1. In nm, one decimal, shortest first: how far is the label point of A:G84 (7 Å from Cα along Cα to beta carbon) from the matching points in the other copies?
2. If you count, for every residue in B:20-30, the Cβ atoms of partner chains within 10 Å of its Cβ, what is the mean?
3. Any idea how many Lys pairs in the protein assembly as shown come in under 12 angstrom at the alpha carbon, given 8 or more places apart or on separate chains?
4. Please report, in whole Å, how far the alpha carbons of segment A:187-258 spread along each principal axis, starting with the longest.
5. Under the definition of Cα pairs under 8 Å and six or more residues apart, what whole-number percent is the relative contact order of chain B?
6. In terms of the ratio Rg/(2.2 N^0.38 Å) built on C-alpha atoms, what value belongs to the protein assembly as shown?
7. Please compute the net charge surrounding B:P142, taking Lys and Arg as +1 and Asp and Glu as -1 over other residues with Cβ under 14 Å from its Cβ.
8. Quick one: net charge of A:A118's neighbours, Cβ under 14 Å, K/R +1, D/E -1?
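The values are calculated or read from the model by the stated rules, or taken from the named source; none is laboratory data. For clarity, every value in this text was computed on a predicted model and none was experimentally measured. Note: ideal-geometry Cβ built from the backbone for every residue, glycine included; neighbour counts use all protein chains shown. Calculation scope for accessible area: heavy atoms of the full protein, side chains included, ligands and nucleic acids excluded. Shrake-Rupley method; radii C 1.70, N 1.55, O 1.52, S 1.80 Å.
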2 protein chains.
Amino acid sequence: MALTLGIVGGGQLARMMIAPAVELGIDVRVLAEEAGMSAALAATATGDYRDLATVQSFAEGVDVLTFDHEHVPQDVLRALVAAGVAVHPGPDALQFAQDKLLMRARLAELGIPQPEWAAVADAAGLQAFLDANGGRVVVKTPRGGYDGKGVRVVSDPDEVADWLADGTLLAEELVDFSRELAQQIARRPSGDLVAYPVVETVQRGGVCAEVIAPAPHGALRLAEVAAQIGTIIAEGLGVTGMLAVELFETTDERLLVNELAMRPHNSGHWGQDGAVTGQFEQHVRAVLDLPLGDPSPRQPWAVMVNILGGPVEGTLESRFPAALAAHPEAKVHTYGKAPRPGRKVGHVNATGEDLDAVVYEARAAAAFFAD
Amino acid sequence: MALTLGIVGGGQLARMMIAPAVELGIDVRVLAEEAGMSAALAATATGDYRDLATVQSFAEGVDVLTFDHEHVPQDVLRALVAAGVAVHPGPDALQFAQDKLLMRARLAELGIPQPEWAAVADAAGLQAFLDANGGRVVVKTPRGGYDGKGVRVVSDPDEVADWLADGTLLAEELVDFSRELAQQIARRPSGDLVAYPVVETVQRGGVCAEVIAPAPHGALRLAEVAAQIGTIIAEGLGVTGMLAVELFETTDERLLVNELAMRPHNSGHWGQDGAVTGQFEQHVRAVLDLPLGDPSPRQPWAVMVNILGGPVEGTLESRFPAALAAHPEAKVHTYGKAPRPGRKVGHVNATGEDLDAVVYEARAAAAFFAD
């Protein structure tokens, strides 16, 4: 019978795996946190992903278990593996996406360029790091942060006194970057991997707003170096499925690793319509240990613009008629989520040969969904 | 809340509407004939589409009802419309896809070029048509035929004596054609329509084997004439959603209408990977009366090759590793159906700039799934 993929988590990343899985002929099941989530169509179970019995029961009869997010606890993951469930990415890899201190230490071992960093256990430790790094640094909680949460820029240890009370923090130099990039790698359990073109990501308020693929105006070796960094990380951390490496391009043209994600990532949504094999199809293929698809762009340029928040009044769907009429070439994706300020509720992809025209197309179509 | 589309019928055409609906943000529900069908993922009901109560119950809460096939009886369709259900395509259009005699008569009224034809009620009537058309003609049952079923080429009325006992038949001249083409049109209830490029379809044993988009080596006005024919039919018959017009290109360069289909059609599968807006997304948009997407090709050539029958031993999925490894650019689609001789169980799309290379790519990848 058909191969069956189980996805833990019912968010939009799970939702966006459904379409390519259906196209290819893979059965998809989702363990959703609650009813009515983004990936509800494929939800065969509802429950708490932190509960081993819930996840184990869901995993029965699936060929491979994968994830909408990186939050399934290590003890649950390891118990699943011990019970013979094929889990991709596995706990040995996921720990580095779950704990930023572990990640920094491992990347250092691998010789990957990254910002100056330190594990700081108390105010004195943080003050020393501040003194050594210009008096203003980034402090992150090692676990649980995303989309700008769990991150503060501080110049005094008092500003993270609440966090320090809970444990050791990650301090990082405030990088003088000219822009942010992202490098995606797909890797199979058997070891094969492919690199996507490095892309430019534009953040607003700590949240990804736009992505341009490939990253324009790159120095000659930019794409090559980014792909090398991604490859070393994917292999060094034993990642299976999609890996996204968020990078700073510094004003002196170095690339420094900012964050990692071991799942499909907002920086890769462009590939749904812009690549021969988009990241969601690629993730499905990779975790099932099927041969990887061609990651090449279909067009010289692809631009993705997030729909953040959505309309203040009415539904996203109420904007379809005007948006689709004005932009018949734009590819509109919405996630079945209720509009709420700042929430990622959809995105628009556009592709073409002229970058300015493609950027305009994607932004103009997305603008119909905001107020 | 999200727009909800109900699809009657659980086959692969319903299945292939799921992916673009999910991408766009449309809720999809399917009334499947039985459990475990191709579109099972979205099945919210199982039952007989000929039973009004079953279909009416399924239709509750959907914004629009559409179809995987053309077999829902007229009395059921008309009762749904009377009950206020938005049905697309509606019964007034669908009758012409359900009854080939009605279709021929209506196309004649519209002045559409078609083969010589006659309604023959008995052996004498058929003999007269044979005498007038070279002694060898095509006979079709007006209702219920597809993929070569309900069609016979005969030179003597005795060869369809069994069919004549059941009622009037459609007799058609045996057209001296050089090749077969298909023209697709998408039309909204509000009247807007778009035409896809006319494609060449290659049939084997009465079943579509390959499609080349656009049709190569066309006479200068071929595409224009085909689009005109499709447009007149879509408007004249009041079609909503996707219309496929199967055409003969004759050896003297005329286009004659062979068959009609009022749903996504095998001749349009190339557009999933080869058009900005594939036929399945377009059908969803059209029946919901949303603005239509751009039907333009993404690449100069797209070729679709059907996977007919599948492996004699083992599953389709058992061929994934070899096929995907050899053809990372090919787009493999399978339908979750068990292999059986002659059965359409999947297809492969390939796109590119060189037609010979694209044909090779699609055929070579599809060949991995046959014995």
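1. Shortest to longest, the spacings are 5.5 nm.
2. Details: counts 3, 2, 14, 13, 9, 14, 4, 4, 1, 1, 0.
Counting Cβ atoms of other protein chains within 10 Å of each residue's Cβ and averaging gives 6.
3. Values: A:K100/A:K140; A:K140/A:K149; B:K100/B:K140; B:K140/B:K149.
Total qualifying Lys-Lys pairs in the protein assembly as shown comes to 4.
4. Principal extents (Cα only, largest first): 36, 28, 19 Å.
5. Numbers: 826 pairs, mean separation 49.4, N = 371.
The normalised contact order for chain B reaches 13 percent.
6. Numbers: Rg = 28.2 Å, N = 742, 2.2 N^0.38 = 27.1 Å.
Normalised by 2.2 N^0.38 Å, the Cα Rg of the protein assembly as shown equals 1.04.
7. Numbers: positive: B:K100, B:R104, B:R106, B:K140, B:R143, B:K149, B:R152; negative: B:E70, B:D99, B:D166, B:E172, B:E259.
Spelling it out: positives minus negatives among the neighbours equals +2.
8. Values: positive: A:K100, A:R104, A:K140; negative: A:E116, A:D122, A:D131, A:E172, A:E173.
That sum, taken over residues with Cβ under 14 Å, equals -2.
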